[in-house]
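The values are calculated or read from the model by the stated rules, or taken from the named source; none is laboratory data. Worth saying up front: this structure is predicted, and the values here are computed from it rather than measured. All Cβ positions, glycine included, derive from the backbone under ideal geometry; neighbour counts span all protein chains shown. In case anyone asks, the SASA skips ligands and DNA or RNA and just uses the protein heavy atoms, side chains included. Shrake-Rupley method; radii C 1.70, N 1.55, O 1.52, S 1.80 Å.
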Amino acid sequence: MNSKERILAAATKIAQAHGYGGLNFRDLAEEVGIKAASIYHHFASKADLGAAVARRYWEDSTAALDALSAESSDPVHCLRRYPDTFRRALESGNRICLCSFMAAESDDLPEVVVKEVQTFADVNVAWLGKVLSAAGAARSGESEQRARAIFAAVAGAQLIARSRSDIALYDALIDSYRVAGLIPDR
């Protein structure tokens, strides 16, 4: 892994735990084992770094959602597994979705970072809408609205579980969404 990749990986972990406000070139350099000035070789500013981290995050999320679709031709199975994509962050040091964390900071983010954070939400909502339609779980005009509700509910469950360091709470909330019919179960 080259320096740029190590910087992005370390910055992602930091941002998942502390948000954009927690990204600090000095601490990041120490984590990666390089001089702070070396980060500027790859990223001209904190905004450039934040945008690159958020972009990489939504690109990785897109790949994970595509893999989920590829592993099963059953759209209901894909919808059932969708919350697992958020659960993994909780399993990794009680972190939350980087873009959810940054979205909470949106008033203080540079526009270039806001754009990438919004793209993460757009990618998730588009995927959910497509899969909801394929599952026959929403009429064509309703799939985007329901997809937004699922995305918001899953991200919210992750936030609540993180605040209590309780992954079982996340699982219980996701189960309650299934029982209520928000996330199709069959």
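With springs only between Cα atoms under 10 Å apart, run a GNM on the chain and tell me which of 11, 172, 52 wobbles the most.
Between 11, 172, 52, it is 172 that shows the largest mean-square fluctuation.
Relative to the longest principal axis of the chain, what angle (0 to 90°, nearest 10) does the C-alpha long axis of helix 167-180 take?
Compared with the principal axis, the helix lies near 30 degrees.
What is the percent carbon and sulfur in the accessible area of the chain, measuring with a 1.4 Å probe over the protein chains and ignoring ligands?
Its accessible area is 50 percent carbon and sulfur atoms.
Apply the Karplus parameterisation 6.51 cos²θ - 1.76 cosθ + 1.60, with θ equal to phi minus 60°, to every residue of the stretch 57-62 and state each ³J(HN,Hα) to the nearest whole Hz, in sequence, with x for glycine and proline.
My calculation for the stretch 57-62 gives 5, 6, 5, 5, 5, 4 Hz in order.
Once fully extended, how much extra length lies between residue 1 and residue 115, figured as 0.36 nm per residue of separation less the alpha-carbon to alpha-carbon distance?
The residue 1-residue 115 span can extend by a further 38.3 nm.
What number comes out for accessible area per residue over the chain if the probe is 1.4 Å? Units Å², please.
51 Å²
Report the Stokes-Einstein translational diffusion coefficient (µm² s⁻¹, integer) for the chain, Rh taken as the Kirkwood radius over Cα pairs, at 10 °C with viscosity 1.306 mPa s.
The calculation lands on 92 µm²/s.
Output ³J(HN,Hα) for the stretch 153-166: one whole-Hz value per residue in order, computed from phi by the Karplus curve 6.51 cos²θ - 1.76 cosθ + 1.60 with θ = phi - 60°, and x for Gly and Pro.
Calculated HN-Hα couplings, in order: 5, 5, 4, x, 4, 5, 5, 5, 5, 5, 5, 10, 6, 9 Hz.
Would you please report the Å³ per residue occupied by the convex hull of the alpha carbon atoms in the stretch 28-83?
Convex hull of Cα atoms, per residue: 102 Å³.
Per-residue HN-Hα couplings for the stretch 94-106, Karplus 6.51 cos²θ - 1.76 cosθ + 1.60 at θ = phi - 60°, whole Hz, x for Gly and Pro?
6, 8, 10, 3, 4, 6, 5, 4, 5, 4, 5, 9, 3
For a test of the definition: using alpha carbon positions, the gyration tensor, and the 1.5 limit on a/c, classify the stretch 1-103 as rounded, prolate or oblate.
It is prolate, given that a/c is not under 1.5 and a/b is the larger ratio.
Residues in the stretch 55-96, backbone N under 15 Å from the label point at residue 169 (7 Å along the Cα-to-beta-carbon vector): list them, ranges by number please.
Answer for the stretch 55-96: 90-91, 94-96.
Using the alpha-carbon atoms, what tilt in degrees (0 to 90, nearest 10) does helix 111-135 show relative to the longest principal axis of the chain?
Once rounded, one gets 20 degrees.
Summing -39500 (n - 2.57) over the DSSP H runs of n ≥ 4 in the chain and dividing by its residue number, what mean residue ellipticity at 222 nm do you reach, to the nearest 500 deg cm²/dmol?
Value at 222 nm, helices only: -25000 deg cm²/dmol.
For the chain, what does the relative contact order come out to in percent, with C-alpha contacts under 8 Å and a separation of six or more?
Computed over the chain, the figure is 23 percent.
Rounded to the nearest Å, what's the spacing between the alpha carbon centres of the stretch 36-98 and the stretch 110-183? Just the number, please.
14 Å
At a threshold of 8 angstrom on Cα-Cα distance, excluding pairs fewer than six apart, so keeping six or more, what relative contact order does the stretch 3-44 reach in percent?
Relative contact order for the stretch 3-44 comes out at 38 percent.
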